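Asker: One structure, as C-alpha coordinates, below. Some questions next.
The values are calculated or read from the model by the stated rules, or taken from the named source; none is laboratory data. Nothing here was measured: the structure is a model prediction, and the numbers come from that model. Please note: Cβ atoms are built from the backbone with ideal geometry, for glycine as well, and neighbour counts cover all protein chains shown. The area values use the complete protein model at the heavy-atom level, side chains included, leaving out ligands, DNA and RNA. Shrake-Rupley method; radii C 1.70, N 1.55, O 1.52, S 1.80 Å.
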Amino acid sequence: MSKTGRRAVARALSDKGFCSTKNSHYYGVKLHVVAKHAPYTLPVPEFVGLTPASTHDLTAVRPILPKLAGKALFGDKIYADQPLNKNLEKQQNTFIYTPVKLVKGQSEQERQHNKAADDLFSKAVSTVRQPIESLFNWFVCPCIW
(Lines give C-alpha, C1' and ligand atoms only; values in the text may rest on other atoms or scores of the structure.)
Protein backbone atom coordinates (compact mmCIF):
# COMPACT_ATOMS: atom_id res chain seq x y z
CA MET A 1 0.00 0.00 0.00
CA SER A 2 1.10 3.56 -0.61
CA LYS A 3 1.39 6.22 2.09
CA THR A 4 -2.18 7.38 1.35
CA GLY A 5 -3.59 3.92 2.08
CA ARG A 6 -4.40 3.31 -1.59
CA ARG A 7 -3.04 0.35 -3.44
CA ALA A 8 -0.03 1.26 -5.54
CA VAL A 9 -1.26 -0.55 -8.66
CA ALA A 10 -2.02 1.62 -11.72
CA ARG A 11 -1.58 4.89 -9.78
CA ALA A 12 -1.26 6.86 -13.03
CA LEU A 13 -4.69 5.65 -14.12
CA SER A 14 -6.57 5.21 -10.82
CA ASP A 15 -8.87 7.82 -9.37
CA LYS A 16 -12.09 8.18 -7.39
CA GLY A 17 -15.35 6.96 -8.89
CA PHE A 18 -18.96 6.65 -7.75
CA CYS A 19 -21.16 3.56 -7.99
CA SER A 20 -24.77 4.74 -8.13
CA THR A 21 -26.10 1.19 -7.71
CA LYS A 22 -24.33 0.82 -4.37
CA ASN A 23 -24.44 4.56 -3.60
CA SER A 24 -20.75 4.53 -2.70
CA HIS A 25 -17.43 5.97 -3.79
CA TYR A 26 -14.45 3.80 -4.64
CA TYR A 27 -10.86 4.24 -5.79
CA GLY A 28 -9.49 2.39 -8.79
CA VAL A 29 -10.12 1.79 -12.47
CA LYS A 30 -13.00 0.56 -14.64
CA LEU A 31 -12.83 -2.28 -17.10
CA HIS A 32 -15.09 -1.78 -20.13
CA VAL A 33 -15.93 -4.76 -22.35
CA VAL A 34 -17.98 -5.08 -25.52
CA ALA A 35 -18.41 -8.80 -26.09
CA LYS A 36 -20.03 -11.05 -28.64
CA HIS A 37 -22.74 -13.46 -27.53
CA ALA A 38 -21.51 -17.05 -27.27
CA PRO A 39 -24.32 -19.56 -26.57
CA TYR A 40 -23.88 -21.69 -23.44
CA THR A 41 -20.60 -20.06 -22.42
CA LEU A 42 -19.09 -16.75 -21.37
CA PRO A 43 -19.18 -13.99 -24.03
CA VAL A 44 -16.18 -13.42 -26.27
CA PRO A 45 -14.63 -9.95 -25.69
CA GLU A 46 -14.29 -7.88 -28.89
CA PHE A 47 -13.27 -4.56 -27.36
CA VAL A 48 -11.66 -4.09 -23.95
CA GLY A 49 -10.67 -0.82 -22.34
CA LEU A 50 -9.40 0.38 -18.98
CA THR A 51 -10.23 3.88 -17.73
CA PRO A 52 -9.99 5.83 -14.47
CA ALA A 53 -12.90 5.08 -12.13
CA SER A 54 -14.37 8.55 -12.72
CA THR A 55 -14.81 8.01 -16.49
CA HIS A 56 -18.47 7.78 -17.48
CA ASP A 57 -19.30 4.53 -19.28
CA LEU A 58 -20.73 6.37 -22.31
CA THR A 59 -17.53 8.41 -22.60
CA ALA A 60 -15.50 5.20 -22.63
CA VAL A 61 -17.60 3.50 -25.32
CA ARG A 62 -18.06 6.44 -27.73
CA PRO A 63 -14.72 5.94 -29.56
CA ILE A 64 -15.65 2.39 -30.60
CA LEU A 65 -19.30 3.02 -31.53
CA PRO A 66 -18.46 3.59 -35.23
CA LYS A 67 -17.01 0.06 -35.31
CA LEU A 68 -20.33 -1.38 -34.09
CA ALA A 69 -22.48 -0.59 -37.13
CA GLY A 70 -25.41 -2.91 -37.76
CA LYS A 71 -25.29 -4.45 -34.28
CA ALA A 72 -27.78 -5.01 -31.50
CA LEU A 73 -26.12 -4.03 -28.23
CA PHE A 74 -27.43 -4.82 -24.76
CA GLY A 75 -26.30 -2.53 -21.96
CA ASP A 76 -27.24 -1.46 -18.49
CA LYS A 77 -29.32 1.64 -17.73
CA ILE A 78 -26.35 4.01 -18.10
CA TYR A 79 -26.60 3.51 -21.90
CA ALA A 80 -30.23 4.68 -22.02
CA ASP A 81 -29.27 7.91 -23.79
CA GLN A 82 -32.17 8.63 -26.17
CA PRO A 83 -30.41 11.18 -28.44
CA LEU A 84 -27.36 8.93 -28.81
CA ASN A 85 -29.47 5.83 -29.43
CA LYS A 86 -31.64 7.57 -32.07
CA ASN A 87 -28.50 8.83 -33.81
CA LEU A 88 -26.92 5.34 -33.81
CA GLU A 89 -30.10 3.81 -35.17
CA LYS A 90 -30.38 6.38 -37.96
CA GLN A 91 -26.71 6.58 -38.98
CA GLN A 92 -25.40 3.07 -38.28
CA ASN A 93 -28.43 0.79 -37.99
CA THR A 94 -27.17 0.04 -34.46
CA PHE A 95 -29.58 -0.51 -31.58
CA ILE A 96 -28.78 -0.28 -27.87
CA TYR A 97 -31.28 -2.11 -25.70
CA THR A 98 -31.33 -1.22 -22.00
CA PRO A 99 -33.64 -1.94 -19.09
CA VAL A 100 -36.42 0.65 -18.85
CA LYS A 101 -35.43 3.71 -16.87
CA LEU A 102 -38.01 5.69 -14.88
CA VAL A 103 -38.94 8.97 -16.56
CA LYS A 104 -38.76 12.06 -14.36
CA GLY A 105 -42.10 13.82 -14.13
CA GLN A 106 -44.06 10.80 -15.35
CA SER A 107 -47.34 10.37 -13.50
CA GLU A 108 -47.88 7.34 -11.27
CA GLN A 109 -50.90 6.42 -13.42
CA GLU A 110 -48.79 6.40 -16.60
CA ARG A 111 -46.01 4.48 -14.84
CA GLN A 112 -48.47 1.79 -13.70
CA HIS A 113 -50.07 1.66 -17.16
CA ASN A 114 -46.68 0.78 -18.71
CA LYS A 115 -45.36 -1.33 -15.82
CA ALA A 116 -46.07 -4.83 -17.16
CA ALA A 117 -44.53 -4.15 -20.59
CA ASP A 118 -41.59 -2.26 -19.06
CA ASP A 119 -40.90 -5.08 -16.60
CA LEU A 120 -41.01 -7.75 -19.33
CA PHE A 121 -38.70 -5.76 -21.59
CA SER A 122 -36.25 -5.05 -18.75
CA LYS A 123 -36.21 -8.75 -17.80
CA ALA A 124 -35.50 -9.73 -21.43
CA VAL A 125 -32.58 -7.27 -21.64
CA SER A 126 -31.22 -8.46 -18.28
CA THR A 127 -31.44 -12.08 -19.40
CA VAL A 128 -29.34 -11.33 -22.49
CA ARG A 129 -26.85 -9.37 -20.33
CA GLN A 130 -26.51 -12.10 -17.69
CA PRO A 131 -23.46 -13.82 -19.28
CA ILE A 132 -21.45 -10.56 -19.42
CA GLU A 133 -22.37 -9.92 -15.79
CA SER A 134 -20.99 -13.39 -15.00
CA LEU A 135 -17.78 -12.50 -16.83
CA PHE A 136 -17.41 -9.33 -14.73
CA ASN A 137 -18.10 -11.31 -11.57
CA TRP A 138 -15.02 -13.36 -12.40
CA PHE A 139 -12.94 -10.17 -12.32
CA VAL A 140 -14.47 -8.69 -9.18
CA CYS A 141 -13.38 -11.07 -6.49
CA PRO A 142 -13.31 -10.54 -2.74
CA CYS A 143 -9.68 -11.62 -2.71
CA ILE A 144 -7.14 -9.86 -0.53
CA TRP A 145 -4.23 -8.68 -2.62
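Asker: First select every other residue whose beta carbon is under 15 angstrom from the beta carbon of Q109; then total the charges, Lys and Arg +1, Asp and Glu -1. Display every interim value, and only then the final one.
Answerer: Working: positive: R111, K115; negative: E108, E110, D118.
Around Q109, the surrounding residues sum to -1.
Asker: While we're on this one: Given a Förster distance of 35 Å, report the FRET efficiency between K67 and H25 from their Cβ-Cβ distance, rounded to the nearest 0.05.
Answerer: For K67 and H25, the calculated efficiency is 0.60.
Asker: Follow-up. With the cut-off at 1.5 for a/c, could you classify region 45-145 from its C-alpha gyration tensor as rounded, prolate or oblate? Please list the in-between numbers first.
Answerer: Working: a/c = 1.87, a/b = 1.29, b/c = 1.45.
Cα axes put region 45-145 in the oblate bin.
Asker: Right, something else. With a 1.4 Å probe and all protein chains left in place, how much of the accessible area of the chain comes from carbon and sulfur atoms, in whole percent?
Answerer: 58
Asker: Could you tell me the relative contact order of the chain? Use alpha-carbon pairs under 8 Å, at least six residues apart, and round to a whole percent. Present the calculation step by step, with values, prior to reporting the outcome.
Answerer: Details: 167 pairs, mean separation 24.6, N = 145.
Relative contact order, the chain: 17 percent.
Asker: Between K36 and S107, what is 0.36 nm times their sequence separation minus the Cα-Cα distance? Round to one decimal in nm.
Answerer: Computed gain between K36 and S107 is 21.8 nm.
Asker: Quote to one decimal, in nm, the extra length available between A80 and S122 on full extension: 0.36 nm per residue of separation minus the C-alpha distance between them. Let's see the in-between values first.
Answerer: Details: separation 42, 0.36 × 42 = 15.12 nm, distance 1.19 nm.
This chain segment gains 13.9 nm when fully extended.
Asker: In a GNM of the chain with a 10 Å cut-off on Cα contacts, which of Q109, Q91, Q130 has the highest mean-square fluctuation?
Answerer: Comparing Q109, Q91, Q130 in the GNM, the peak value goes to Q109.
Asker: Return the single residue from S122, S107, S134 with maximal mean-square fluctuation; model: Gaussian network over the chain, springs between Cα atoms under 10 Å.
Answerer: S107
Asker: For the Cα atoms of the chain, what angle does the longest principal axis make with the long axis of helix 108-139, in degrees from 0 to 90, nearest 10?
Answerer: Helix 108-139 sits at roughly 40 degrees to that axis.
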